[in-house]
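We did not get these values from a lab; they are worked out from the coordinates using the rules stated. Keep in mind that what you see is a predicted model, and the values were worked out from it rather than measured.
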Amino acid sequence: MIFKRFVVGALEVNCYVIADEETKEGIIIDPGDNVDEIYNYISKNGIIIKYIINTHCHFDHCGGNKKMKNLTNAELLIHEMEKPVLERMDTSAQIWGFYVDKSPEPDRYLKDGDILKVGNINIEVIHTPGHSPGGICLKINNKVITGDTLFAGGIGRTDFPGGDYDTLMKSIREKLFTLPEDTEIYPGHGPSSTIRNEKYFNPFF
Ligand SMILES: [Zn+2]
Ligand SMILES: [Zn+2]
């Protein structure tokens, strides 16, 4: 499996390109920025992007949706509850002094428990609201992409519109800490970790 991380944009978002080595089919998670750099990598490696997925729709995670969709023709997928967040993404960015393209409409909505198939890779959708109402984590074998839900040594902010601390803690406890402890986590910002590390050493728990 191809599993490549790019750190993109001013807020240093982790964008992930994951693809099946045999079929070359793949996905891009959170193309916040640096679309040309990511697209170069994809074309050089002959990867055919089937889906662009946003873990949630803050502008730092989806500022590059439009450009990436134009280049790859891939389907854009988000959780349904993230729809209003995606719609105001470009105007929210301006409040912070950033200018990003308005995102195209999603092609389809994801829900908890959905399994996406890309080549021989299964991607399981886990709805983890709290940082944002339609926040999702994506589980691929023993790896889970956690967006801004869970970080190495931290948790997502809950002071943005639609954020809620208790909901976030519940999502992490019930949906992530119940995964096998050797599951690796790949957050939306910062380094990777494991469920075991976060369960026992994350200061928020
Ligand atoms: Zn966020
Ligand atoms: Zn973020």
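Points worth noting:
- In the chain, the ratio of gyration radius to Kirkwood radius, Rg to Rh, stands at 0.94 when only Cα atoms are counted.
- Straight-line cross-link partners of residue 67 among the lysines, defined as a Cα under 20 Å from its Cα and at least 8 positions apart when in the same chain: 4, 44, 50, 83, 102.
- Taking the convex hull of Cα positions in the stretch 60-124, its mean projected area over all directions (nm²): 4.9 nm²
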